[in-house]
Structures are given as C-alpha cells and as structure tokens.
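Before any comments, here is the structure.
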Amino acid sequence: MSKIQPAGPGEILRAVQKDESYLNKMHQNIASLGLEIFGPQTWIKYKSLCEPATRFIYYSVTTLGDFQTLGEEYTGLIQVVHRKNKLPSKLMRLLMIFIQTFGPHMLKYWFKNLQVTVKRNPLQFDKAAVRRISNLLPVLEQMTEYLDKINLCIFYFHGTFYHLAKRLTGISYVKFNGADSKQDTTKGGFRVLGLVATVHLALNIVYSFYKNRNVLNQDTTENNNSKEDEPNTYVPPRDRCSLCLDKLGSRGITTTTPCGHLYCWTCILESLQRNPECPLCRQPVESNRVVPCRNYH
C-alpha cells in the first residue's frame with residue numbers, strides 16, 4: 001500500500017484553521033503598523049488592501065517559495081496536482097494564490113466601479129434602466145459570494161478542495177502515511193454537515209431570489225407610476241439619493257449614516273441587508289445606526 005494518500009477533510013480543515021489563525025495575527029500587526037506609519041486619514045483609504053496583501057505575502061513566502069504553510073506543516077499536508085501526485089508548477093501556484101487573495105476583492109471592485117459609472121452617467125441610460133442596473137448589481141455581487149459557499153458544501157461531501165481557487169486550478173492535498181499515522185474517519189460526519197449546509201444555503205438563495213425579485217418588481221411599478229403621475233423635472237446631483245438616483249426622500253424619509261452620507265430610508269436599509277457597509281465610502285454600518293432626518297429639506 002502506498003504511503004502517499006489523499007488528505008482527509010478533517011486534516012485539510014485543521015490546516016486551514018491553523019493558517020487563518022496566523023493570518024489574523026499578521027493582519028492585525030500589519031494594520032497597526034500601517035496606521036502608525038501613514039496616519040488615520042491615509043490609512044482609511046487603503047486599509048481594504050491590507051487583508052489581501054497580507055494573504056499574498058504569506059502564501060508567496062510559503063507556497064510560492066516551495067515551502068509548506070504553517071497549517072500544512074502542522075498536519076503534514078503537501079500540495080499536488082489533483083490525481084497526479086506531482087508538485088504543481090510555480091505558475092499554477094501563483095495563479096492559485098492570486099485568485100485566492102485578490103479574486104473576491106477584484107469582483108467587488110468591478111461591481112462597485114460599474115455601479116459608479118452608471119450613476120455618474122445617468123443621461124446615457126434610460127431612467128428605468130439605471131434603476132434596474134443599480135438594483136441588479138448588488139444582487140450579482142451577492143450571487144458571487146454564494147460561489148464560495150457552494151464550493152464549501154461540495155468540500156463537505158467530497159473532502160478535496162476547501163478553497164475555490166484550488167478547485168479552479170486543480171491543486172489538492174496528499175499526506176504521507178508513516179508508521180504512526182491514522183486513517184481519517186471524519187468523512188461521514190462531514191457528509192452530514194454538508195447536507196445541513198446545503199439545505200441552509202438553498203433556503204438562503206431562494207429567500208434572496210424572492211426578496212430581490214420583489215424589490216425589482218416594486219421598482220418597476222414605482223417607475224411606471226412616476227412616469228404617469230410625476231412631471232419630468234431635473235433634480236440636482238446633491239439632492240439625489242446615490243442608490244435610486246431619485247430625489248432624496250422619494251423612497252422613505254431622507255436618512256443619514258454615521259459617516260454622514262444621505263440616502264432614502266428604504267434604499268439604505270435594503271442595501272445594508274445585502275452588505276452592511278456604506279455604499280459610498282464602504283465604512284461598516286449597522287442598520288440600527290442610520291438616523292432619519294426629520295427636518296431635512
């Protein structure tokens with residue numbers, strides 16, 4: 001019997017958790033150092049890059065440098081090309097690291113830029129199209145987040161690729177079975193966990209689809225009513241809600257976030273349900289922190 005065997009899901013999960021603990025410590029140290037060097041005003045603009053940069057440095061020093069990560073060394077795992085038991089090339093490892101560290105952030109940046117482009121050039125699009133695109137982009141952004149959760153559910157069943165980047169590049173794990181090694185007996189428990197996670201994810205997707213469909217239908221109805229009942233009047237950019245592009249207060253009372261940005265009440269609450277951040281400056285915002293402006297004109 002070969003001493004090189006595919007790694008079990010329990011061993012992969014322990015390696016990932018160990019790596020995450022070291023990454024969190026590195027991220028905290030680098031964030032504190034960056035704040036002291038650049039100051040709060042400059043740091044707040046670029047702090048979103050700290051987390052992916054920390055991951056890229058960590059995996060470049062370990063994986064790209066032909067070393068095991070600390071989590072892989074802890075559990076005795078080795079990265080190989082799936083089902084070939086040979087080490088992946090540096091180019092393949094670099095691609096995997098790039099997707100794993102910068103992939104989600106690049107997608108969010110692309111969706112954000114597209115949304116800003118639509119808002120800054122409203123005259124190039126029909127008003128109904130602008131509103132529908134503004135509502136559709138957060139939905140697409142949320143759907144991309146489900147990809148990682150779907151991959152995690154598949155991992156619970158098959159126990160091979162914990163990260164989506166490794167699944168896309170075909171990099172898996174093997175373990176050297178020495179004299180004192182034990183067979184991983186956690187696969188049955190992981191399948192039960194995968195079933196529960198799959199049911200939970202399916203319910204979330206159905207609920208999200210139902211909620212977003214109602215929002216889109218409501219926007220369409222409101223747009224049709226506005227065409228029939230409201231005159232075509234120009235609204236200055238400073239008086240527009242950045243989410244629906246209508247006059248502030250069109251969808252509920254004018255509301256401010258802790259960072260000082262103004263939105264319609266309904267618009268900002270719907271946005272925070274999808275992503276608990278200010279849509280303009282991306283500062284974390286909880287729905288109970290928004291304040292209606294009763295005397296705003």
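Do you know which residues across region 238-252 are charged (D, E, K, R) and either out of contact with any strand residue (DSSP E or B) (no Cβ under 8 Å at 6 or more places or on another chain) or modelled with pLDDT of 90 or more (or both)?
Selection gives R238 alone.
Report whether or not T255 is in a strand (DSSP E or B) and either of a type outside the set (K, R) or touching a strand residue (DSSP E or B) at 6+ places or on another chain (Cβ under 8 Å) (or both).
In short, yes.
So which residues in region 261-284 are closer than 19 Å to W43 by Cβ and either at pLDDT below 85 or not polar (S, T, N, Q) (or both), if there are any at all?
Once the filter is applied, which keeps residues that are closer than 19 Å to W43 by Cβ and either at pLDDT below 85 or not polar (S, T, N, Q) (or both), region 261-284 yields E277, C278, L280, C281, R282, P284.
Is there any pair with a first residue in region 138-158 that is assigned by TED's automatic domain parsing to the domain that holds V196 and closer than 14 Å to S208 by Cβ and a second that is among the polar types (S, T, N, Q) and part of a helix (DSSP H, G or I) whose Cβ atoms are under 6 Å apart and which are 6 or more apart or on different chains, and what are they?
Taking only residues 6 or more apart or on different chains, the pairs are V139/N212.
At pLDDT 70 or above and either buried (at least 18 other Cβ atoms within 10 Å of the Cβ) or at positive phi (or both): is that true of P138 in this structure?
Judged against the criteria, P138 is a match.
Could you tell me which numbered condition Q5 fails, if it satisfies all but one of (1) within 27 Å of G188 (Cα to Cα); (2) part of a loop (DSSP other than H, G, I, E, B)?
(2)
Let's see how each residue does on (1) in contact (Cβ under 8 Å) with a residue 60 or more places away in the chain; (2) more than 30 Å from L140 (Cβ to Cβ); (3) in the same structural domain as R282 (by TED's automatic domain parsing):
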position	(1), (2), (3)
G39	no, yes, no
T54	no, no, no
Q68	no, yes, no
E72	yes, yes, no
T75	yes, yes, no
V80	yes, yes, no
L94	no, no, no
L107	no, no, no
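All but one of (1) modelled with pLDDT under 90; (2) assigned to a helix (DSSP H, G or I) hold for V199; state the number of the condition that does not hold.
That leaves (1) as the condition not met.
Output yes when any residue across region 149-169 is surrounded by 15 or more Cβ atoms within 10 Å (Cβ to Cβ) and at pLDDT below 85, and no when none is.
no
Of the residues that sit in region 5-48 and are aromatic (F, W, Y) and at pLDDT below 90, which one is surrounded by the fewest Cβ atoms within 10 Å (Cβ to Cβ)?
Restricting to residues being aromatic (F, W, Y) and at pLDDT below 90, the top hit is Y46.
Take the residues of region 274-297 that are touching a residue at least 24 places away in the same chain (Cβ under 8 Å), surrounded by 12 or more Cβ atoms within 10 Å (Cβ to Cβ) and not in a loop (DSSP other than H, G, I, E, B): which is farthest from the chain's Cα centre (by Cα)?
Looking at residues that are touching a residue at least 24 places away in the same chain (Cβ under 8 Å), surrounded by 12 or more Cβ atoms within 10 Å (Cβ to Cβ) and not in a loop (DSSP other than H, G, I, E, B), I get P292.
Taking region 35-52, which residues are of a type in the set (A, V, I, L, M) and closer than 23 Å to C278 by Cα?
Residues satisfying the conditions are L35, I44, L49.
Part of a helix (DSSP H, G or I) and at pLDDT below 70: does that describe A179?
No, not satisfied.
Looking at T75 and the list (1) loosely packed, with under 15 Cβ neighbours inside 10 Å; (2) under 27 Å from L152 (Cα atoms); (3) among the β-branched types (V, I, T), which single condition is not satisfied?
Evaluating T75 over (1) loosely packed, with under 15 Cβ neighbours inside 10 Å; (2) under 27 Å from L152 (Cα atoms); (3) among the β-branched types (V, I, T) leaves (1) as the failure.
The values are calculated or read from the model by the stated rules, or taken from the named source; none is laboratory data. None of the values given here were measured: they were computed from a predicted structure. Cβ sites come from the backbone with ideal geometry, for glycine too, and all protein chains shown count toward neighbours.
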